[in-house]
Every structure is written in C-alpha cells, then in structure tokens.
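The structure appears right after this line, and notes come after that.
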Amino acid sequence: DDLVGFAHHSYGEFLAARYLCRRSFDVRAALNLLAQERGDRQRIVPQLAGVAAWLAELDVEFLDWLIGNETEIALEADLAHASDGRKVALIDSLLARAEAGILGDVPRRSLAALAHPRMAEQLRSLVVDAGPVEARRLAIEIAGLSAVDELYELLVERVMDEGEEIR
C-alpha cells in the first residue's frame, strides 16, 4: 500500500534529474551517478540516458558536457530554448561524429529543433562540396527538417545533378 509507481518510466527519469538539479549536483557529481569510465573517457550508462537528457534540459552546464561527449543523448533533450551558440556547437559535434563514422542513432525528430539564424552558412559547405557521405547526408537532413529556405535552391541543384549519389 505504501508503494508509488509511475505510468511511464520517463516520469521517474524526470524526477531523478530534477532531484539532481535541485540538490545542486555539479556536472562531475552527476557524472559519478550517470556515467562510467570506458577507455579514457566517461560515457553515460545507456539505461540512464533518459535521466541525462532531462538533466540537460534543467542544467546548461550538463548540456554543454553532453554536446561535447554524448551528442546523441544531448539531442534527446528539449532544445527549443537552447541558445543559438549551443545549437551551433551541437550541429558541429554531430557533423564531426558523422564525418568520423562514429555517429550513433540520432533521433530525427530532434533535428528540427536545431534551427538557428546562421544555419545556412553552417551547412552550406557540406551541401556544396562532396565531402564525407554520412556528414553530407546529415547536413542535408538537418537543413530539410529545419526548413532552411536559403539552401532550398542549392538542394534542388544537387537533386537535379545526375552525378550526385541518389540518396
């Protein structure tokens, strides 16, 4: 009779993140609970990724750590209110990981939330140049989902170019 249950696990994840934030856990202390050492760096334990994403919404310093270290988890946070600078950094991190071939599963629904005023100039070079295929595809997908009007003409040119890869 004295037990409390949650209708969905995300309620518990949110409450855990809120507890960490309200108790003023700094990034290092939060990582002691949410991450483990793998090789020479800390990685969020996969079962605690939801808590990490919620904490990123509540604590910008933790969001900054995720952007630099666990980019895919940072995308799980609600980025609608993130600063333009953080969105730029997140896109750069995603593209670098795609270029290196180490990008994991990316929640596509979150890519539209990365829109910022300078996105066209940030993505233009990857759309124009035939660089690393995965990074280029990701840049095109981000531009499409974020409705970057300035790149539409360029994207149409790429589609019409028979020398381009079809995907």
Original post:
Hey, does the stretch 58-70 have a residue that's over 13 Å from the mean Cα position of the chain (by Cα), open to solvent by 60 Å² or more (accessible area, probe 1.4 Å), farther than 15 Å from Leu15 by Cα and of a type outside the set (Asp, Glu)?
Top reply: yes
**OP:** Return the pairs, sorted by first residue and then second, in which the second residue is modelled with pLDDT under 90 and of a type in the set (Asp, Glu), the first residue lies in the stretch 95-107 and is assigned to a helix (DSSP H, G or I), the beta carbons are less than 8 Å apart, and the residues are 6+ apart or on different chains.
**Re:** Ala98/Glu134; Glu99/Glu134
**OP:** Look through the stretch 9-34, keep the residues that are exposed (fewer than 14 other Cβ atoms within 10 Å of the Cβ) and of a type in the set (Gly, Ala, Ser), and return whichever of them is modelled with the lowest pLDDT.
**Re:** Ser10
Original post:
Going through the stretch 111-143 one residue at a time, which ones are under 21 Å from Glu99 (Cβ atoms), part of a helix (DSSP H, G or I) and open to solvent by 40 Å² or more (accessible area, probe 1.4 Å)?
Top reply: Glu121, Arg124, Ser125, Val128, Val133, Glu134, Arg137, Ile140, Glu141
Original post:
Quick check: is even one residue across the stretch 59-74 within 27 Å of Ile142 (Cβ to Cβ) and either in a loop (DSSP other than H, G, I, E, B) or in contact (Cβ under 8 Å) with a residue 60 or more places away in the chain (or both)?
Top reply: yes
Original post:
Do we find that Ser93 is surrounded by 19 or more Cβ atoms within 10 Å (Cβ to Cβ), closer than 25 Å to Glu121 by Cα and not aliphatic (A, V, I, L, M) in this structure?
Top reply: yes
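The values are calculated or read from the model by the stated rules, or taken from the named source; none is laboratory data. Quick caveat: nothing in here was measured; it's all calculated off a predicted structure. Every residue, glycine as well, gets a Cβ built from its backbone with ideal geometry; the counts of neighbours run over all protein chains shown. Please note that ligands, DNA and RNA were not included when accessible areas were found on the heavy atoms of the full protein model with its side chains. Shrake-Rupley method; radii C 1.70, N 1.55, O 1.52, S 1.80 Å.
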